[in-house]
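The values are calculated or read from the model by the stated rules, or taken from the named source; none is laboratory data. Keep in mind that this is a model prediction, so the values were computed, not measured. A quick note on method: Cβ atoms are made from the backbone with ideal geometry, for glycine too, and the neighbour counts reach across all protein chains shown. What goes into the accessible areas is simple: the full protein's heavy atoms, side chains included, and nothing from ligands, DNA or RNA. Shrake-Rupley method; radii C 1.70, N 1.55, O 1.52, S 1.80 Å.
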Amino acid sequence: MPYYTRSAAAKDRDGDFRRRDFVYFKQQGRGYKTRLGYISSKAQNGETPYTLRVCRGSISEQKKVSSAELTRADPTSPQFVEERKVLEKEIALIDLKKRTKKKGSGAANLALSPTKKLSVFLMPKEGGGESDKVDVPYLPLREALKGERLARKTKKSHLRIATFNVCHLGGCASTPGSSGGRTTRSSSRRLPREKVLNLAATVRGSLADVVVLQEVNTGAHEAVSSVAAEIGPGWRVELTAATSTSGHGAKECYALIYNEARVEEVLGGAGAVAGTVDKTVRAKSFMYDRGNTGDAAFRNDAGWGNEPRVDFTFDGASGARLPGYFRLHHAGSKRSIILATVHTAYDNSTVRALQFSSVKSLLPQLPVDSGRVLFALLGDFNSDANNTLGMSSSVSFSDTAQGKKLEQNLKECSFVNVSNPSDATSIGGFHYDEIFVQEATRGRRDAHVFPTKSRFVALANYAGGGLKGNATALQLDPVEVFTPVDLRVEASKQKLPNFTSKVFTDHFLVFVDVEFTETRPFSRMTVVQLRAELKKRKKKVSGLKAELIARLGGGA
């Protein structure tokens with residue numbers, strides 16, 4: 001018995017199909033089975049006035065259709081209800097492309113280029129044939145991110161630095177392919193291709209020049225190099241040693257990926273030292289050592305000083321990963337970029353409190369020439385971990401005693417936190433990642449998250465959220481939408497771990513623009529210049545010249 005009916009009354013109405021009616025279509029003279037479709041437009045006259053979108057595993061458009069080829073769908077049929085779910089989600093992608101032709105960046109105007117083809121991929125049946133019906137469509141995250149538009153750097157001299165926790169990049173994961181996503185003997189060490197492509201798309205979309213990665217598996221040089229290669233030509237990589245000798249830290253390291261041409265352009269901006277022809281940018285990595293971090297050149301640039309520093313192993317406490325450092329140096333200009341990075345303890349709030357209280361040990365003890373050295377501390381600080389003392393749903397980390405003490409320590413070193421504590425930097429909606437920079441080198445804007453949590457959700461839901469005006473449109477889970485159908489798992493508790501292993505990560509990228517600033521003694525500045533410098537540092541600008549100089553840190 002067919003799952004749709006065609007009564008005499010329905011036959012009488014078939015000559016007056018309307019736009020957005022669901023119908024079954026069977027082209028005259030063709031042998032294939034009847035297909036569910038949707039009337040997208042109707043001409044005013046003619047024998048073939050209808051244009052359809054027909055579901056054949058994916059949407060195809062059928063023009064010049066006559067009413068004789070159409071049968072009105074029975075909305076009470078269970079099979080129609082299931083087929084309609086698939087069709088609506090397919091149609092939503094097409095409607096999305098139309099909406100994006102309009103200017104604007106609101107939630108209803110996703111900035112996806114209409115020239116980019118977005119498609120839903122359905123899981124094929126074993127042995128070929130038609131596609132099985134899937135409730136949740138698949139949208140490649142990298143495709144969704146292509147249309148996101150960020151503010152470009154306001155000056156050519158600005159360098160965009162970023163921090164990105166990539167959730168165990170380099171771990172063994174099955175890869176979709178001829179084996180259907182299953183791990184085979186020949187593919188057991190394959191990289192998670194989907195994850196590599198999505199991480200690269202995120203870095204590329206953020207317009208970052210230098211990115212520090214946390215939670216990289218030790219020895220994952222191939223995985224990090226693959227991400228760099230996908231970002232574009234001229235990207236280089238540098239990995240540190242393991243962050244600990246035991247526990248999770250023994251399997252983790254930090255990594256640096258950077259656009260060599262952009263770094264060379266910014267570092268060499270002051271011109272090469274007379275007689276020097278070497279324009280090569282050299283990268284080095286170091287692990288924190290309270291007594292002897294890095295080499296002499298690094299310690300000189302970093303204003304390391306001779307005062308005792310904290311032991312970040314904390315006597316082997318759980319979760320006590322060592323911080324790491326990267327130094328990018330241009331031999332011609334003698335300029336350097338120093339990036340310190342951390343991944344603080346999550347479960348052990350006591351160790352995390354010790355790590356926060358010891359941040360000064362990671363920063364310069366002596367004045368740093370901001371015309372020659374860019375210094376930043378950035379990473380996964382797990383700031384909003386819910387076991388932080390004094391934190392609650394109404395009290396963020398920055399408002400706790402630990403947060404206020406951290407802010408004071410940063411000020412004492414002439415550093416500032418450019419991150420917004422209200423910005424979610426994780427899929428779960430929490431703020432974990434921070435960037436601290438020298439006050440004198442911060443750009444015009446504070447740190448940004450890419451993609452933002454709200455955009456991450458919106459991209460998934462506008463891709464598969466049903467027809468415009470459909471009040472019953474589903475609220476789709478981005479984790480599932482962005483996961484290829486053949487990589488999905490049934491158990492709800494496994495969906496996020498599966499996603500972070502094979503598809504993306506549970507953190508978003510955080511970036512900020514910084515620039516070299518030629519130092520000049522404050523005593524030689526005019527009051528107007530002093531006030532401009534104070535305004536840039538977001539400090540009080542009123543007072544006498546001596547007061548302004550003192551507010552800037554003295555006669556430096």
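Numbers at a glance
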| quantity | calculated |
| --- | --- |
| Selection count where residues are open to solvent by less than 20 Å² (accessible area, probe 1.4 Å) and either part of a strand (DSSP E or B) or of a type in the set (A, V, I, L, M, F, W, C) (or both), scope region 336-364 | 14 |
| Filtered residues of region 318-335 (kept if part of a strand (DSSP E or B) and either surrounded by fewer than 22 Cβ atoms within 10 Å (Cβ to Cβ) or touching a strand residue (DSSP E or B) at 6+ places or on another chain (Cβ under 6 Å) (or both)) | 324, 325, 326, 327, 328, 329, 330 |
| Sole exception among (1) of a type outside the set (A, V, I, L, M, F, W, C); (2) modelled with pLDDT under 90; (3) over 22 Å from residue 344 (Cβ atoms) for residue 232, by number | (2) |
| Region 233-269 - residue that is in contact with a Gly (Cβ under 7 Å, 6 or more places away or on another chain) and among the hydrophobic types (A, V, I, L, M, F, W, C) and, of those, nearest to residue 280 (Cα to Cα) | 261 |
| Breaking point among (1) at pLDDT 55 or above; (2) among the aliphatic types (A, V, I, L, M); (3) open to solvent by 40 Å² or more (accessible area, probe 1.4 Å), for residue 107 | (1) |
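Yes/no per residue for (1) under 26 Å from the mean Cα position of the chain (by Cα); (2) on the phi > 0 side of the Ramachandran plot; (3) at pLDDT 95 or above:
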position	(1), (2), (3)
323	yes, no, yes
328	yes, no, yes
356	yes, no, no
364	no, no, no
369	no, no, no
382	yes, yes, no
398	yes, no, no
402	no, no, no
